[in-house]
Amino acid sequence: MDIHEKIGLELQQVDIGYATGGSMPVTLANQLSLAVRTGEIIGLIGRNGCGKSTLLRTLVRLQSPLKGKILVNGHDISSIPRLEFARAVGFVSTENVNIQHITVTELVSLGRFPYTNWIGSFSADDSAAVSKAIELAGIPHLRKKYLHELSDGERQKTMIARVLAQDTQVVVLDEPTAFLDLPNRYELLRLLNELAHENGKTILYSTHDLNIALDESDKLWLMASGKITEGAPEDLIITKGFHKLFENSDLDFDMDTAGFRLKRKFSEAFTVSGDAGLNIWTSRALERIGMRTVTGDKSRRHVTTGYQKGMPCWSLLMNDKTEEYNSIYDLVSSLKKHKKLT
Amino acid sequence: MNMPLKITLLLVLLWLFFVLFILDILIGPVTIPIKDILEIITTGESMNPAWKTIIVGFRLPKAITAVLAGMALSVSGLQMQTIFRNPLAGPYVLGISSGASLGVALVILGFPPLFAQGNINPLSIWVQIMAAWIGAAAVLLLIMAISFRVRDIMTILILGVLFGSATSAIVSILQYFSHQEQLKAFVVWSMGNLGNVTRGQLTVMSFTILAGLIMAVFSGKMLNVMLLGESYAKSMGLNIMLSRIIVFISTSILAGTVTAFCGPIGFIGIAVPHITRILFKSADHRLLIPAVIMTGGILLLLSDILSQLPGGERTLPVNSVTALIGIPVVIWVIFRNQKITSI
């Protein structure tokens, strides 16, 4: 059987939530039936408090499902012995790990916990696994650095090296990109992608970063109102799955740019004509201050865009007067002033 | 720092330990030549029977008590700092010594016949030590239960201080209702004294502290993953419940035993783990535990030596000396990371 046909992680009618003191448990999502193939990377998306973390914590056995069965490589996780489970499923949490006097190598070595004896002495296999994990995470140059000397991006990679040293088939990460800047986020996701596609790991991560999840996941799990909709990112765009995600918010999903935008109330309308490239950005700026734009012929309120001597310029026709501007900022400032006066 | 350097450092500490041990025996109101001291220790005989009595009967047990107490309190402090992930945790600061004191106070003041002057029966030793263990474990459990709900480090410390004050208040009330003789026994005990430990007590103390230290050595690997926090430790296959129980029993035995026989000795437990971490630049408990054992023994020997500096019959309360050594370390820890989040 091809490795990619194997199911790495499976949920069978699982209810998740948490027990409260005495009374009924709070259910965050129910009847979840999902499957992840080995070598796939899955992005979990949902709003704050929808139960993303609870789901991930349930999958790594940090809490129990309220109902249903979870299978890892075909085995019910509730019946896998403790150490064996630790060798099958690894976890990177959102918790900020902060230890003084620990080097990157030492921290990554902690990942060998389920393999070593009572005193934690290392075999050749253990040392090899740690070296390989550090290589894979792309941090060989940090080996001897102390944890507190690292940047947030390096720290996160170290935590990923730690889970790689644990040598598990399934890796679950709770918001791995949370504290990172944009280049670091993409770098991290590229790393996770490589691990899934080239090293055959099954990776499940949660994120609030929609653009990255759309770009870098084989499949997305959209979590909203206690249900999960799954599919390739593009499938979810076509079937309008994303609209569900932010139903009761001020956001709208823009099918063209595959991103969310604030819903706006427009008070006035302008027509825009001229240079196509400039028109896009001009429209964006006008929409921000509540003015709807239409590309087309001159009306009573009109903006003409174009270049003069190589520099962009704008002319605004309003109240039968025409004014010239050299930047969008000046144009918008002037419009705001008009708006206040009327 | 590489491994050979760490081992060298460990050997230096071992050497320092023996030097201070001999020095501690050397110092006292009666001057005994070092040659005779070594002779008494190695052969057990001496030309001067009075010297033998002084060394074997007083100075040697006191030095051994200092070593045991220093080791026990320091390891207990290290375990607590890791398990609570709190750099300011320690048996004294968290009120665990106070809990042990309360246990001891209850039996000394509550069952006077057992502790009457000159009555040194084995039962009284065990009653006293068990009372201290139970008192220590009770406070430890209480702090642990609260630390699940309150994550803030400072809050837990303040609660520890409050527990300490509450137990002191209860002890004061007990004192109010007790006879003068018991009261005196208790006050002397509460000043922290390494010299009052009898032969029988020292035997019991040695065995129980050894047991506690062995448990600590076994917990090295567990403590290492606990540095990462509960979620990570669990996800790596650590049996959290079992590890907690081992560390709890170990730390209660260590802190409780010392408090039972020497009274509350503060700030050793909090300061020594920090001094050791700085010396060894390591967070690996398999190295830190033996290193903390050495450093703890050294620091309390040093405190005992300092307490005898006034000379003659007078000695300072060892409690005050350890506080003066330990508190600067605590202040330094607070200033080092204004935002205290890690050990």
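The values are calculated or read from the model by the stated rules, or taken from the named source; none is laboratory data. None of these values were measured; they are calculated from a predicted model. Note: ideal-geometry Cβ built from the backbone for every residue, glycine included; neighbour counts use all protein chains shown. Keep in mind that these areas ignore ligands, DNA and RNA; they rest on the heavy atoms of the full protein, side chains included. Shrake-Rupley method; radii C 1.70, N 1.55, O 1.52, S 1.80 Å.
Condition first: open to solvent by less than 40 Å² (accessible area, probe 1.4 Å) and touching a residue at least 40 places away in the same chain (Cβ under 8 Å). Can you find one or more residues in region A:120-136 that meet it?
no
Would you mention how many residues in region B:71-87 are over 16 Å from B:V150 (Cα atoms) and open to solvent by 10 Å² or more (accessible area, probe 1.4 Å)?
1
Could you tell me whether B:G103 is closer than 28 Å to B:T167 by Cβ, outside any helix (DSSP H, G or I), modelled with pLDDT of 85 or more and not aliphatic (A, V, I, L, M)?
Here the answer is no, as B:G103 does not meet what is asked.
If I filter region A:86-107 down to residues being assigned to a helix (DSSP H, G or I) and more than 7 Å from chain B (Cβ to nearest Cβ), which single residue comes out as surrounded by the fewest Cβ atoms within 10 Å (Cβ to Cβ)?
This residue is A:R87.
Under 9 Å between Cβ atoms, which residue pairs at least 6 apart in sequence (or on different chains) link something in region B:206-220 that is closer than 14 Å to B:H285 by Cβ with a partner that is open to solvent by 60 Å² or more (accessible area, probe 1.4 Å) and outside any loop (DSSP other than H, G, I, E, B)?
Between residues of region B:206-220 that are closer than 14 Å to B:H285 by Cβ and residues that are open to solvent by 60 Å² or more (accessible area, probe 1.4 Å) and outside any loop (DSSP other than H, G, I, E, B), the close pairs are B:M215/B:I249; B:V217/B:R286; B:G220/B:R286.
Quick one: B:I55 ticks every box in (1) open to solvent by 10 Å² or more (accessible area, probe 1.4 Å); (2) assigned to a helix (DSSP H, G or I); (3) free of Cβ contacts under 8 Å to residues at least 40 places away in the same chain except a single one, so which number is it?
Result: B:I55 passes all but (1).
Could you list, in sequence order, all residues of region B:262-282 that are in a loop (DSSP other than H, G, I, E, B) and either free of Cβ contacts under 8 Å to residues at least 60 places away in the same chain or away from every other protein chain (no Cβ under 14 Å) (or both)?
Hits for region B:262-282 are B:G263, B:P264, B:I265, B:G266, B:F267.
Just to confirm my filter: which helices (runs of 4 or more DSSP H) fall fully inside region B:138-226 and include at least 2 residues that are small (G, A, S)?
Fully inside region B:138-226 and qualifying: B:153-176, B:180-190, B:199-218.
I want to confirm something. Restricting to region B:1-32 and keeping residues that are open to solvent by less than 60 Å² (accessible area, probe 1.4 Å) and more than 18 Å from B:K62 (Cα to Cα), which single residue is modelled with the lowest pLDDT?
Ranking the candidates gives B:K6 first.
Of the residues that make up region B:310-329, is at least one assigned to a helix (DSSP H, G or I), open to solvent by less than 30 Å² (accessible area, probe 1.4 Å), within 14 Å of chain A (Cβ to nearest Cβ) and closer than 25 Å to B:G220 by Cβ?
No: zero hits.
When both residues are 6+ apart or on different chains and their Cβ atoms are under 7 Å apart, which pairs have a first residue that lies in region B:235-255 and is closer than 24 Å to B:Q128 by Cβ and in a helix (DSSP H, G or I), and a second that is open to solvent by 40 Å² or more (accessible area, probe 1.4 Å) and at pLDDT 90 or above?
B:I249/B:M215; B:S250/B:M215; B:I253/B:A211
Of all residues in region A:194-206, how many are touching a helix residue (DSSP H, G or I) at 6+ places or on another chain (Cβ under 6 Å) and open to solvent by 20 Å² or more (accessible area, probe 1.4 Å)?
The number of residues fulfilling the criteria is 1.
Hey, any hits in region A:115-137 for a residue that's within 11 Å of chain B (Cβ to nearest Cβ), under 27 Å from A:M24 (Cα atoms) and out of contact with any Ser or Thr (no Cβ under 6 Å at 6 or more places or on another chain)?
The answer is no, given that none of the residues of region A:115-137 is within 11 Å of chain B (Cβ to nearest Cβ), under 27 Å from A:M24 (Cα atoms) and out of contact with any Ser or Thr (no Cβ under 6 Å at 6 or more places or on another chain).
Of the residues A:G68, A:G74, only one is touching a residue at least 60 places away in the same chain (Cβ under 8 Å) and farther than 18 Å from B:G237 by Cα; which?
A:G74
Name the residues in region A:71-85 that are in a helix (DSSP H, G or I), within 12 Å of another protein chain (Cβ to nearest Cβ) and not charged (D, E, K, R), would you?
Within region A:71-85, A:L83, A:F85 meet the criteria.
Report, by residue number, each residue of region A:33-70 that is within 14 Å of chain B (Cβ to nearest Cβ) and open to solvent by 10 Å² or more (accessible area, probe 1.4 Å).
Correct list: A:S53, A:T54, A:R57, A:R61, A:L62, A:Q63, A:S64.
Just for region A:2-21: of the residues that are open to solvent by 80 Å² or more (accessible area, probe 1.4 Å) and among the small types (G, A, S), which one is modelled with the lowest pLDDT?
Step by step, filter region A:2-21, then rank; the result is A:G21.
Just need a number here: residues in region A:111-133 that are part of a helix (DSSP H, G or I) and on the phi > 0 side of the Ramachandran plot.
Of the residues in region A:111-133, 0 are part of a helix (DSSP H, G or I) and on the phi > 0 side of the Ramachandran plot.
Right, B:L287: among the hydrophobic types (A, V, I, L, M, F, W, C) and surrounded by fewer than 24 Cβ atoms within 10 Å (Cβ to Cβ) or not?
yes
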